[in-house]
Amino acid sequence: MSALILLTVFLPLLAALPGGGWLLAALAPLTLYPSFSRKVRAGDTFGAWQLGLLWALLLSTGVILLVIWWPAAARAGIVHGEAYRQEMFGWIATGSGKENDWHRFLPEHLLHLAVFLLVTWASGGYLGLALGAFLVAYMSYFVGSYAVASGHPWLGSVAAWVPWSVLRVAAFVLFGALFSRPLLVRRLWPFGRDDLRLMALAAGGIAGDLLIKTFLAARYGIFLRQMARGVVQGVAAALYSAAPRIFS
C-alpha cells in the first residue's frame, strides 16, 4: 500500500479554498489512483477494492473532522452538503422524507449507479472515483453535522453512516475496481468467470442497499432521533432547527 493514500484524510481542507468543493472531488482520486490502477491492471480486484474502501473511509473521516472543527469551511466548501444535511435532518426530525419512499430514492440511486459505471469505464476509473468522492463528501457532511447536533461526536459519526449507505459505497467501489479494467488493459471485455461473480456480488450489494433502505429506513430514522433526544433539548424538531445555530 502506498503511503500516499494516507494523505486522503487531509484533502477536505481543500474545501476552504474558492471552488474547493469541486477541487476536492476532482483531486481526491490522486491519492488512490496510482496504486488502485496498478492493482486493477494486475487483475487484483480484491486488492483494488480494499484500497478503495480505505480511501473512502479516510475521505469520510476528513470531511467529518472538518465539520466538527471548522464548520464554516465545511458548510461553504462541501458541494451539496448543506442541502443534503437539511434533507436528512428533516427526515430524522419528522419521520418523513425521500429516505422512506422508494418511489423517490430508487430513480436517483439508479441514475448515480449508471453514471458511475459509464464514467468509470470511459476513464479507467478516475472519473468514477471523482464522482464517488463527491457523493462520499456530501454524505459525510451530513454525518459530521449529525454528530455535532446530537452531542455524540464519535458515536454519532458511526450511527449516522446509515447501514444501507455503507453497503452502497462498498458495492460502488467493487464495481469501480471491475469497470476500470477495460481501458487500463485496453480490452473491451477483459472479464472472466470470477469477475462475473464479483459483478453479481456488487449488484447484490446494490440490491441489498435498496431493500434495507426500503424496509428499515423509517425505524433507523427513529433511532437517530432518539439518540439525539438524549442530549438535544425539546422535541425532535429541535434537531432540525438547531443546525443553523451550530453552523453560525
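The values are calculated or read from the model by the stated rules, or taken from the named source; none is laboratory data. Predicted model only: the values in this text are computed from it and were never measured. Every residue, glycine among them, receives a Cβ derived from its backbone with ideal geometry; neighbour counts consider all protein chains shown.
Things to note:
- Within segment 154-203, tally of residues that are among the charged types (D, E, K, R), in contact with a helix residue (DSSP H, G or I) (Cβ under 7 Å, 6 or more places away or on another chain) and over 26 Å from Leu66 (Cβ atoms): 2
- Within the option set Leu13, Leu51, being assigned to a helix (DSSP H, G or I), at pLDDT 95 or above and touching a helix residue (DSSP H, G or I) at 6+ places or on another chain (Cβ under 6 Å) holds for one residue only, Leu51.
- Residue within segment 136-144 that is over 21 Å from Val9 (Cα atoms) and of a type in the set (Val, Ile, Thr) present: no
- In segment 131-165, the qualifying residues are those that are on the phi < 0 side of the Ramachandran plot and part of a loop (DSSP other than H, G, I, E, B), and the one that is surrounded by the most Cβ atoms within 10 Å (Cβ to Cβ) is Ala160.
- Residue match in segment 74-81 (condition: among the charged types (D, E, K, R), under 30 Å from Arg41 (Cα atoms) and in contact with an Asp or Glu (Cβ under 7 Å, 6 or more places away or on another chain)): no
- Cross-chain or 6+ apart pairs with Cβ under 7 Å, segment 182-201 first and farther than 20 Å from Val119 by Cα and among the acidic types (Asp, Glu), then surrounded by fewer than 14 Cβ atoms within 10 Å (Cβ to Cβ) and at pLDDT below 95: none
- A residue that is part of a loop (DSSP other than H, G, I, E, B), at negative phi and not hydroxyl-bearing (Ser, Thr, Tyr) occurs nowhere in segment 121-130.
Listed here are the residues, each with its yes/no results for (1) over 30 Å from Pro182 (Cβ atoms); (2) of a type outside the set (Phe, Trp, Tyr); (3) out of contact with any helix residue (DSSP H, G or I) (no Cβ under 7 Å at 6 or more places or on another chain).
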site: Trp69; (1), (2), (3): yes, no, yes
site: Ala73; (1), (2), (3): yes, yes, no
site: Trp91; (1), (2), (3): yes, no, no
site: Gly95; (1), (2), (3): yes, yes, no
site: Leu113; (1), (2), (3): no, yes, no
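- Among the residues of segment 16-48, those that are within 20 Å of Ala171 (Cα to Cα) and assigned to a loop (DSSP other than H, G, I, E, B) comprise Leu32, Gly43, Asp44.
- Single match in Arg168, Arg197, Arg187 (criterion: on the phi < 0 side of the Ramachandran plot, exposed (fewer than 14 other Cβ atoms within 10 Å of the Cβ) and assigned to a helix (DSSP H, G or I)): Arg197
- Of the criteria (1) among the hydrophobic types (A, V, I, L, M, F, W, C); (2) part of a helix (DSSP H, G or I); (3) surrounded by 15 or more Cβ atoms within 10 Å (Cβ to Cβ), which one Val79 fails: (2)
- Against the criterion of being of a type in the set (Ser, Thr, Tyr), free of Cβ contacts under 8 Å to residues at least 40 places away in the same chain, buried (at least 18 other Cβ atoms within 10 Å of the Cβ) and within 17 Å of Phe134 (Cα to Cα), Thr31 qualifies.
- Among the candidates His109, His80, residue that is closer than 16 Å to Leu210 by Cβ and touching a residue at least 24 places away in the same chain (Cβ under 8 Å): His109
- Just one of the listed residues (Ser60, Ser96) is outside any helix (DSSP H, G or I) and of a type in the set (Ser, Thr, Tyr), namely Ser96.
- Filter result (among the polar types (S, T, N, Q) and surrounded by fewer than 23 Cβ atoms within 10 Å (Cβ to Cβ)) within segment 34-60: Ser35, Ser37, Thr45, Gln50
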